Amino acid sequence: MSKSIELDKKKYNKIFKSPSTKSVFVYIWDNSNLESQQFLSQWNILSDADEYRDIATYADVLCSKNLELCHQFDRKEIPRLLWYETPQSTPEIYNGRLHINSVTQYLRNITASPIIKVRKSKYSPFISKQIQENLNPDLNDGEYFLFNISTNDKDSIEIAKQIAKNMKFLPTQIFLLKDKSLHAPYLTSHKGNKTFKMMETLTYQNAEAFIIRRNIPFLTHYTQAISDISFKYKIPFAVFVRPDEFGPIIKPFAEVVENYMAVTQTNCILSPSICRYINQKPKDYGYIAFLNRSSYTFWVYDKPLDEKYIDSFVEDIVNHQLTGYGPGIWLKPFVKPVNFYYSMRERGGMPFYTIQIPLCFATILFCFIVYKRADTIVWYVDWVKAKQEEKRKRIEYYAELERQKKNRLKLKNR
């Protein structure tokens with residue numbers, strides 16, 4: 001029997017307005033959503049598990065039954081999981097795969113030591129037996145992170161520990177390998193037989209951005225949460241915008257982009273907002289949008305898909321060789337008002353068309369002022385020309401009088 005509490009207004013007030021410090025784990029779902037229904041049985045098992053039963057109060061909100069209550073929680077995606085360290089705290093949003101194994105590891109990260117220390121294996125310089133023993137293959141497709149740091153590099157070890165502690169809300173595993181040999185510290189991500197190395201210097205900010213980026217599931221569907229992550233952690237991401245629900249096979253092209261940034265997918269039916277934001281219509285072969293919300297900039301690859309050209313295109317973006325589009329390319333004083341226009345275009349519908357009214361009025365007013373000013377300028381130019389013409393005729397008149405006077409003197413002297 002599930003221990004999850006089905007929230008209504010009364011139960012919500014009892015849990016979230018009480019002085020209790022016990023954590024709260026909330027599942028927002030709807031019976032019209034297939035993914036919600038599929039995870040519900042796993043949620044009931046998880047909330048009644050002996051290992052995690054006492055670490056939090058488990059509650060769920062059925063949005064079709066309590067729509068007003070559903071809107072009181074952050075985000076609009078359904079389904080979603082929210083972790084409250086205390087009922088009064090700001091919730092941490094679970095962004096991992098909606099599966100009991102991933103959510104279990106998420107809870108394990110919260111309650112257990114955030115970093116797993118391992119020793120270097122003499123058989124393999126990268127993967128030790130301890131990693132294989134501790135690795136959860138069902139978590140984030142078996143991907144894990146490994147800090148490789150020299151034993152004497154205390155500062156880098158502290159960064160690794162701090163990162164792991166602050167990343168405990170992510171459904172991922174972080175290992176620390178202390179190496180006796182002297183070398184620059186580095187961070188790698190391991191997924192199957194692939195290794196992705198963080199190319200930047202090991203700092204807290206760089207490691208945080210790398211782990212967040214790699215933690216976004218490969219080719220997951222684009223959501224507003226991913227856009228928010230890009231803004232908060234200043235990381236770019238790619239969206240393969242398919243021409244329809246199925247579209248072309250994009251995995252080999254997405255794997256090229258994965259070397260540089262997180263890769264998501266959608267189409268203009270599922271996510272019309274992204275298509276409005278970049279002002280692109282669906283194409284027969286789709287296109288790739290690269291966005292960096294923190295810099296208010298985006299780039300669009302709208303040519304037929306080709307691995308070589310895509311790799312070159314993304315590399316130019318990463319190396320700041322392409323200017324891009326969006327509010328971020330404007331001068332600083334204009335970024336905010338232009339971003340407001342883009343955000344309203346992204347929102348679409350009546351709010352976007354409503355803001356056109358003052359814009360149209362301002363344009364008409366500007367044109368009217370220019371017209372009136374132009375009329376005044378034309379009159380002034382004509383007046384100046386008339387004055388100049390009058391002056392010229394006066395000069396000619398007096399010159400003619402002077403010439404006639406000289407002629408008369410000549411005749412008189414004869």
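Would you confirm, using the coordinates I've provided, whether Ser89 is among the polar types (S, T, N, Q), surrounded by fewer than 18 Cβ atoms within 10 Å (Cβ to Cβ) and either touching a residue at least 60 places away in the same chain (Cβ under 8 Å) or under 21 Å from Leu34 (Cα atoms) (or both)? No; evaluated as a whole, the condition is false for this residue. When we screen Ala374, Ala399, Ala386 for residues that are small (Gly, Ala, Ser), in a helix (DSSP H, G or I) and under 46 Å from the mean Cα position of the chain (by Cα), the only hit is Ala374.
Exactly one residue among Tyr84, Tyr58, Tyr52 is aromatic (Phe, Trp, Tyr), more than 23 Å from Asn136 (Cα to Cα) and in contact with a helix residue (DSSP H, G or I) (Cβ under 6 Å, 6 or more places away or on another chain), and that residue is Tyr58. Within segment 83-104, being farther than 18 Å from Phe73 by Cα and modelled with pLDDT under 80 holds for Gly96, Arg97. Of note, Gln321 does not satisfy the criterion of being loosely packed, with under 11 Cβ neighbours inside 10 Å and farther than 30 Å from Val300 by Cα. Among the residues here, Gln37 qualifies as surrounded by fewer than 15 Cβ atoms within 10 Å (Cβ to Cβ) and assigned to a helix (DSSP H, G or I). The residue of segment 355-408 that is modelled with the lowest pLDDT, among those that are under 30 Å from Arg345 (Cβ atoms) and aliphatic (A, V, I, L, M), is Ile355.
Restricted to segment 1-34, and to residues there that are within 22 Å of Glu77 (Cβ to Cβ) and among the polar types (S, T, N, Q), the residue that is surrounded by the fewest Cβ atoms within 10 Å (Cβ to Cβ) is Ser32. Listed conditions (1) over 19 Å from Val239 (Cβ atoms); (2) in a helix (DSSP H, G or I); (3) touching a helix residue (DSSP H, G or I) at 6+ places or on another chain (Cβ under 7 Å) are all met by Ile310, apart from (1).
The values are calculated or read from the model by the stated rules, or taken from the named source; none is laboratory data. A quick note: this is a predicted structure, and the numbers were derived from the prediction, not measured. Counting neighbours? That spans all protein chains shown, and the Cβs are built from the backbone with ideal geometry, glycine included.
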